[in-house]
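**Student:** What follows is a single structure, and I will ask about it in a moment.
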Amino acid sequence: MIRVKEVVFGYNGGAPVLNGIDLRVRKGDMIGILGPNGSGKSTLIGNMCGTLHPRHGTVLLEGRDIRSLRRKEIARKIAVVPQKSDLGFDYRVEEIVSMGRYPHIGRFSFRDPDGRKAVEDAMEQTGVLELREKIVDRLSGGERQRVMIARALAQEPRILMLDEPTKNLDIRHSMDIMDLIRKRNEKQGITVLSVLHDLDLAAKYCDEIALLKNGKIVAVGGVEEVLTERSIEKVFDIKVRVHGGRGFHIEVMG
Amino acid sequence: MRTVGRRGTFIFLIILLLISILVGISIGPENLYLPHIVRGLISGLPGLDWAARGFTLKGPLGLESHFGPLPRGYQTIILDIRLPVVVMALFVGVGLSVSGASLQGLFKNPLVDPFIIGISAGGAFGYVLAVILTEGASIWISQFLKVLLSFLFSVGTVFMAYLLSRTGSKVPLTYLLLAGVALSASLTAATQMMVYLSVENPTPVIFSLMGSCSLTKWWEIGIVAPVILMGTLVLSAFGRDLNAFSAGEETAKHLGVDTERSKTTILVLASLMAAITVPFCGMIGFVGLMVPHIMRRFIGSDQRLLIPASALFGGAFLIICDLVARSLLDVTIPLGIITGLLGGIFFIYLLKAKRVGV
Amino acid sequence: MKKPLLLLMAMASILAISVLSGCIETESETVVEDEKIESMIWNFTDPLGGKVVLGSEPERIVTMTPALTEIMNAVGAWEKVVGCDSSSDLPPEAKELEHVVSWQGLDAEKLVLLKPDLVIMDRTLDITDMIYTEIKELDIPVYRIYPKNISDVLNAIRAVGELTNETVNATAVIDDFVERMNAVSQAANEIAEEDIPSVLHVTYYDGTADPWIATDSTFSGSLIIIAGGECAISDSSGYGVQMSLESIIESNPDIIFCSQSSSWPTLTRETILGDARWSDINAISSDSVFDVAGDWCDRTGPRMILGLEEFHGHIMDHVEA
């Protein structure tokens, strides 16, 4: 679905943040992107959804250079849940979720019958139906994140990109969010690409992990294949013990 | 207000607008009554001039009612003085409010006013420049140049702010806002200097700049109305884009908005709508700030509804402000003073209100 | 310091002039040889009660309004004027003089450099006494007038005559003014009550904002009344006011004067005749819209008589038509 080829990227002529990234995302994958702060995770998402343009290399979306696609075309395929979602005004939940219909409606059409259903489904799937009349800025962090995911789902995307969807959430809400995402991945076959900071959570929910450091992919592949004691020490500079098998988890050593 | 519903709000706004039009025509140095107003208005339609003269209505069953001619001057007062003022106030109110609502959405900032990005400062500069250039010239030349220069400088200032804030192929909105504020400050100072040094008698100039819809002529409405109607229609169609911008430029892109193109279109239309009012009505501040704000409380932030609602309420609001301006005291108070006064108080209220999201 | 009673009485009698009766008393100068009293003669009290101590005849005088400049010229003391305000234009040489004051304020430095013996100013243009205080602090003698009616204007002419030792000329100017005014007033009295036209004096109008009107409380208003008309718009402000066009249509004046003054440009009768909104007014249908010289009726100087006669001429034409 997405091919990232030798991508080099830097902001405004500064030092490169991405140093030659190669990545292949297949349909139905659920990929976690892990790496220390400043390793270029968010920047990689930006390049892959076409809001940032690489200095060198290309990003192909379903075989076409993403730079040749109009924003609306991209938005019909890729939905992004950004890390920050500041709103200028008091919007109600339903209004925010309806924004996801933007790429599907012509400028001068005022009705969107398919859209109504997509919006209702998205709110149902994310469990925010009862919140529809609430002001988004007055919701809890977990509820708010669900609304943002609902907006992304209302876009009816093939690929869902999330930038730290569990940031600032407690473990209960983090798991709710990840369950929700996983369910969409399994039921609708939406390809998921998510930046995560919690290794355990990534290991629990993702099929594949890409480990990033200094703008380079250190390792990519299945969870047990990538999250080894050696690679984690190399990337995060901490000593850990990995307990494999069904109860996969990572224990941080003193 | 939620219980009334959005449909109810719109019906209320339309009724409010109609009432304010009628009241606007009715109240003045001489208060006019509805039958006179209706006859005056009818007499303005082609071929219906008899409505102003005396006539007899014959009904069924031999019922007859006789109407004497309208009192002297009423026809002129209704058709050529009050109606144009009310219609102009209506369009200017619509223009400034829609422009304000759009710019607030675009800049994701509820404290933006169409005049903050330099439109009024540019307009005032052009106006005073025209006054100086046409000193001693005939009134028509001076009028024409005032309209032309204040419009050109209004639009020119926004364009200049746009160029100044452009980095590469992008125009970050925060830079644009700052450039507008900076240009406004410089132009205002330059205008004051021109008035101070070069204008022989500054009183009428200063009064004109204070903003007023009084003595509007129909041809002026002919210029202002099409721009504002077109702008309102097109910006209404950009409601979804503006919603997306309210979630931030980055999110707007994710949602599929061609941000640079939408931004340019919205900016150009919103500026034109505000700039076209400056040559004819001077600087009528704060309307573009207040009206969208009040409407947001009633119908929420969804720009698809906010723009038409702001248009309706803005029209009614400015008609009422103009009415207050011309009937509060014996002399007509400049409209800009009324809106500025209300706006200033409103601004303080906003600052003090807990729900302000800056 | 107490003024000698003699001087006080002299001043009082100068001020006690009845205009409406049409006779101006002239005070014959008492020739005093005593030098001490001679120097006393050059001390004055202005109409606002300000004491003006000169000591000797002033030779370098600065005038602060166009009207005062005109009065200086009219009483034949023009050569004593060393500076004036920026709007003074009669005599034309006034434009070449140093301008010490404009609407932007006083140029105190310029004023000091002119080394004036006396400044004559009009409080009307300095209602807050700011400029007055400023000049007083420079230790320059200031004589202030504050005319409210035509009688005050004539007194001002007389006072300038006293200050410049040109009383004979001043008296001649006043006598001429009074004589011509009496003639106008007499003719005006002949107008039958029902024929008295209602007159509107527009001082500024450009079609984009409500017109500025000289009401009955202005000088122009009193001229209209003496000339045999009545003012269409009344108020007590004493200034020109902006009046809504609607009120003007309702007041329905029989005659409209449009004044071109050097400081209020771009108004001519064509502006009003070409504006359809005025068309219901009597003055328009009877073609009684006239251009008048603004400077003649709003400058409180000797040319006011010209303004009066101009008004009177138009009013009489209207009455006889």
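**Student:** Full extension from residue A:72 to residue A:249: what is 0.36 nm times the residue separation minus their Cα-Cα distance, to one decimal in nm?
**Tutor:** Difference between extended and current length: 59.7 nm.
**Student:** Calculated from DSSP H runs of 4 or more alone, at -39500 (n - 2.57) each and per residue, what is the 222 nm mean residue ellipticity of chain A, nearest 500?
**Tutor:** -10000 deg cm²/dmol
**Student:** For the protein assembly as shown, give me the percentage of DSSP beta bridges that are antiparallel, rounded to the nearest 5 percent.
**Tutor:** In the protein assembly as shown, approximately 50 percent of DSSP beta bridges are antiparallel ones.
**Student:** Right, another one. Under the classification rounded if a/c is under 1.5, otherwise prolate if a/b is larger than b/c and oblate if not, where does chain B fall, given a ≥ b ≥ c as square roots of the Cα gyration tensor eigenvalues?
**Tutor:** oblate
**Student:** Still on this structure: If one takes the longest principal axis of the Cα atoms in chain A, at what angle in degrees, from 0 to 90 and to the nearest 10, does the Cα axis of helix A:141-154 lie?
**Tutor:** Once rounded, the angle reads 70 degrees.
**Student:** For n ≥ 4 DSSP H runs only, could you compute -39500 (n - 2.57) per run for chain C, divide by its residues and tell me the 222 nm figure to the nearest 500?
**Tutor:** Calculated mean residue ellipticity at 222 nm is -11000 deg cm²/dmol.
**Student:** Return the subset of A:27/B:253; A:213/B:263; A:183/A:234 for which the Cα-Cα distance in this structure is over 27 Å, preserving the input order.
**Tutor:** Exceeds cut-off: A:213/B:263; A:183/A:234.
**Student:** Here is a follow-up. What does the helix-only formula give at 222 nm for chain B: each DSSP H stretch with n ≥ 4 adding -39500 (n - 2.57), the total divided by the residues, and the result rounded to the nearest 500 deg cm²/dmol?
**Tutor:** Result for chain B: -22500 deg cm²/dmol, rounded to the nearest 500.
**Student:** Same structure again: For residue A:5, list the aspartates and glutamates whose Cα falls under 12 Å from its own Cα; do not include residues on the same chain fewer than 8 positions away.
**Tutor:** Straight-distance partners of residue A:5: A:22, A:65.
**Student:** Take chain B, connect every pair of alpha-carbon atoms lying under 10 Å apart with a spring to form a Gaussian network, then pick out the residue of B:215, B:289, B:335 with the largest mean-square fluctuation.
**Tutor:** B:215
**Student:** Applying 1/(1 + (r/R0)^6) with R0 = 35 Å to the Cβ-Cβ distance of residue B:229 and residue B:175, what FRET efficiency is obtained, to the nearest 0.05?
**Tutor:** 0.65
**Student:** Extending each Cα 7 Å along its Cβ direction at residue C:136 and residue A:83, get the distance between those two points in nm, one decimal.
**Tutor:** Inter-label distance under the simple model: 7.1 nm.
**Student:** Sticking with this structure for a sec: Lysine pairs in region C:49-186 with alpha-carbon atoms under 16 Å apart, 8 or more places apart or on different chains: how many are there?
**Tutor:** Eligible lysine pairs with Cα atoms under 16 Å apart amount to 6.
**Student:** Where the centroid of each part is defined by its Cα atoms, how far is region A:161-229 from region C:136-207 in Å?
**Tutor:** Here the two parts' Cα centres lie 95 Å apart.
**Student:** Which value, in debye to the nearest 20, describes the size of the charge dipole of chain B about its Cα centre when Lys and Arg Cβ atoms bear +1, Asp and Glu Cβ atoms bear -1, and nothing else is charged?
**Tutor:** My answer is approximately 1020 debye.
**Student:** Of B:108/B:146; A:167/B:108; A:72/A:204; A:134/B:108, which sit over 29 Å apart, Cα to Cα?
**Tutor:** Violating the 29 Å Cα-Cα cut-off are B:108/B:146; A:72/A:204.
**Student:** Would you work out which of B:45, B:147, A:171 lies farthest towards the positive end of the dipole of the protein assembly as shown? Charges go on Cβ: Lys and Arg +1, Asp and Glu -1.
**Tutor:** A:171
**Student:** Still on this structure, I have one more. What fraction of the DSSP beta bridges in chain A is antiparallel, stated in percent and rounded to the nearest 5?
**Tutor:** Percentage antiparallel, nearest 5: 60.
**Student:** Report, in whole Å, the centroid distance computed from the Cα atoms of region C:249-316 and region B:134-173.
**Tutor:** Cα centroid to Cα centroid, the span is 37 Å.
**Student:** Would you mind working out the magnitude of the charge dipole of the protein assembly as shown relative to its Cα centre, with +1 at each Lys and Arg C-beta and -1 at each Asp and Glu C-beta, to the nearest 20 Debye?
**Tutor:** Rounded to the nearest 20 debye, it is 8760 debye.
**Student:** With a ≥ b ≥ c taken as the square roots of the eigenvalues of the C-alpha gyration tensor of chain A, please select rounded if a/c is under 1.5 and otherwise prolate if a/b is larger than b/c or oblate if it is not?
**Tutor:** Judged from the Cα gyration tensor, chain A comes out oblate (a/c at least 1.5, b/c at or above a/b).
**Student:** Mind checking which of B:88, B:290, B:230 has the largest fluctuation in a GNM of chain B, springs on alpha carbons under 10 Å?
**Tutor:** B:230
**Student:** Gaussian network model of chain C, Cα springs within a sub-10 Å range: biggest mean-square fluctuation belongs to which of C:111, C:308, C:273?
**Tutor:** Of the options given, C:273 has the highest mean-square fluctuation.
**Student:** Sticking with this structure for a sec: Pick out the long, greasy-scoring helices in chain B: whole DSSP H runs spanning 20 Å or more along their own axis by Cα, mean Kyte-Doolittle at least 1.6.
**Tutor:** Once both thresholds are applied, what remains is B:5-26, B:83-107, B:119-133, B:139-165, B:218-237, B:335-352.
**Student:** Continuing with the same structure: For region B:108-190, which trypsin sites (Lys or Arg not before Pro) are both in a DSSP coil and crowded by at most 16 other Cβ atoms within 10 Å?
**Tutor:** Those satisfying the criteria are B:166.
**Student:** May I ask which residue of C:199, C:78, C:252 lies farthest towards the positive end of the charge dipole of chain C, with charges of +1 (Lys, Arg) and -1 (Asp, Glu) on Cβ and the Cα centre as origin?
**Tutor:** Sorting the options by dipole projection puts first C:78.
**Student:** Sticking with this one: Evaluate the charge dipole of chain C about its Cα centre and quote only its size in Debye, nearest 20, assuming +1 on the Cβ of each Lys and Arg and -1 on the Cβ of each Asp and Glu.
**Tutor:** Result for chain C is approximately 940 debye, rounded to the nearest 20.
**Student:** Now a separate question. Along the charge dipole of chain C, which of C:113, C:223, C:101 sits closest to the positive end, that is, farthest toward it, with unit charges on the beta carbon of Lys, Arg, Asp and Glu (+1, +1, -1, -1)?
**Tutor:** Sorting the options by dipole projection puts first C:113.
**Student:** Let me know the shape class of region A:175-254, please: from the alpha-carbon gyration tensor, a ≥ b ≥ c as square roots of the eigenvalues, rounded when a/c is under 1.5, otherwise prolate if a/b is greater than b/c, or oblate.
**Tutor:** The shape class here is prolate.
Bear in mind these aren't lab numbers, they're just calculated from the coordinates by the rules spelled out. None of the values given here were measured: they were computed from a predicted structure. Neighbour counts are summed over all protein chains in view; Cβ atoms, including those assigned to glycine, are modelled from backbone coordinates with ideal geometry.
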